[in-house]
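Asker: Below is the structure I would like to discuss, written out as structure tokens.
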Amino acid sequence: MRILITAGPTREYFDKVRYLTNASTGQMGYALATAAREHGHEVILISGPVHLPPPAGCELISVESTSDMREAAVREFSRCDGVIATAAVCDYTPRQRIDGKIAKTGGPLILELVETPDILAELGRTKAHRWAVGFALEAASGYEHALAKMREKNCDAIVLNGPSAIGSPDNEINLLDKTGNIALHYAGSKRNVAEAIMGWIDSHLAK
């Protein structure tokens, strides 16, 4: 199979030098890219700004903004069999980007934010015979939110993990299948978690 994987954070600039982002390191997505290659798959990895070496054997596309990631994902998904969307994209972007640096005024800075495109939802709507696996970062009680996200975005499975995974070498996940059942529970290093997820994908989604 040829698999599209999105990883890392995105950046949304509100002036020339400052931006909104999040604490994602891209470790989970890069581990999945490595595992997919070791399972014999071709991998297209679309990555936001991270401090990780490119996984061996992957086609790496580096992006910065959510809009950049959407453009690359829509383009590349057309030649893939499935997508694993691990990227922690910014949900909002400043309505206006200032040319230059915003100066201090002694008062509050008010930014008007608008929603960014929902990349996974767009891929889910257009996937046809292909498959899609999403990731949901939720608190301990996030099962219902993850289930709703999977159905809204037309995913074949969704991986539920908690905020403690951010920046950590380890992760604990529950993989929900289309019926809403927890098809896989795994805790360990992100490398081993990625191997477990890829094993499930090969068994249940590979064609």
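Asker: Looking at (1) among the hydrophobic types (A, V, I, L, M, F, W, C); (2) crowded, with 20+ Cβ neighbours inside 10 Å; (3) touching a Phe, Trp or Tyr at 6+ places or on another chain (Cβ under 8 Å), which one does Ile98 not meet, given that it meets all the others?
Answerer: (2)
Asker: If a residue has to be more than 13 Å from the chain's Cα centre (by Cα) and within 14 Å of Asp156 (Cβ to Cβ) to count, how many in segment 99-125 make the cut?
Answerer: Residues flagged as more than 13 Å from the chain's Cα centre (by Cα) and within 14 Å of Asp156 (Cβ to Cβ) within segment 99-125 amount to 2.
Asker: Of the residues Leu60, Leu123, which single one is of a type in the set (A, V, I, L, M), free of Cβ contacts under 8 Å to residues at least 40 places away in the same chain and over 23 Å from Pro163 (Cα atoms)?
Answerer: Just one listed residue meets the conditions, Leu60.
Asker: Right, next: Go through segment 126-148 and report how many residues are among the charged types (D, E, K, R), modelled with pLDDT of 95 or more and under 17 Å from the mean Cα position of the chain (by Cα).
Answerer: Number satisfying all stated conditions: 1.
Asker: Also, quick follow-up: Six or more apart or on different chains, Cβ atoms under 7 Å: show the pairs whose first residue is in segment 70-88 and among the hydroxyl-bearing types (Ser, Thr, Tyr) and whose second is buried (at least 22 other Cβ atoms within 10 Å of the Cβ).
Answerer: From residues that are among the hydroxyl-bearing types (Ser, Thr, Tyr), the pairs are Thr86/Ile5; Thr86/Thr6; Thr86/Ala7; Thr86/Met28; Thr86/Gly29; Thr86/Leu32; Thr86/Phe135.
Yes or no, residue by residue, for (1) in contact with a strand residue (DSSP E or B) (Cβ under 8 Å, 6 or more places away or on another chain); (2) of a type in the set (Asp, Glu); (3) more than 25 Å from Ser78 (Cα to Cα):
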| residue | (1), (2), (3) |
| --- | --- |
| Met150 | yes, no, no |
| Asn171 | yes, no, yes |
| Thr179 | no, no, yes |
| Ile182 | yes, no, yes |
| His204 | yes, no, no |
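Asker: When segment 9-33 is examined, which residues are found to be in contact (Cβ under 8 Å) with a residue 60 or more places away in the chain and in a strand (DSSP E or B)?
Answerer: If the condition is that a residue be in contact (Cβ under 8 Å) with a residue 60 or more places away in the chain and in a strand (DSSP E or B), then Pro9, Glu12, Tyr13, Leu20 are the ones that fit.
Asker: Going by the conditions given, is Gly100 more than 15 Å from Leu123 (Cβ to Cβ), in a loop (DSSP other than H, G, I, E, B) and free of Cβ contacts under 8 Å to residues at least 40 places away in the same chain?
Answerer: It is false that Gly100 is more than 15 Å from Leu123 (Cβ to Cβ), in a loop (DSSP other than H, G, I, E, B) and free of Cβ contacts under 8 Å to residues at least 40 places away in the same chain.
Asker: Continuing with this model, one more query. Please tell me if Glu122 is under 20 Å from Arg151 (Cβ atoms) and among the charged types (D, E, K, R).
Answerer: It is true that Glu122 is under 20 Å from Arg151 (Cβ atoms) and among the charged types (D, E, K, R).
Asker: Select from segment 170-207 the residues that are among the β-branched types (Val, Ile, Thr) and farther than 17 Å from Ala31 by Cβ and write down the one among them that is surrounded by the most Cβ atoms within 10 Å (Cβ to Cβ).
Answerer: Ranking the qualifying residues of segment 170-207, first place goes to Ile182.
Asker: Are any residues in segment 107-162 among the small types (Gly, Ala, Ser) and either part of a helix (DSSP H, G or I) or farther than 21 Å from Ile3 by Cα (or both), and if so, which ones?
Answerer: Selection gives Gly107, Ala121, Gly124, Ala139, Ala140, Ser141, Gly142, Ala146, Ala148, Gly162.
Asker: For residues in segment 34-91 being part of a strand (DSSP E or B) and over 15 Å from the mean Cα position of the chain (by Cα), which is surrounded by the most Cβ atoms within 10 Å (Cβ to Cβ)?
Answerer: Ranking the qualifying residues of segment 34-91, first place goes to Glu42.
The values are calculated or read from the model by the stated rules, or taken from the named source; none is laboratory data. Please read all numbers here as calculations on a predicted model, not as lab measurements. Positions of Cβ are backbone-derived with ideal geometry, glycine not excepted, and every protein chain shown enters the neighbour counts.
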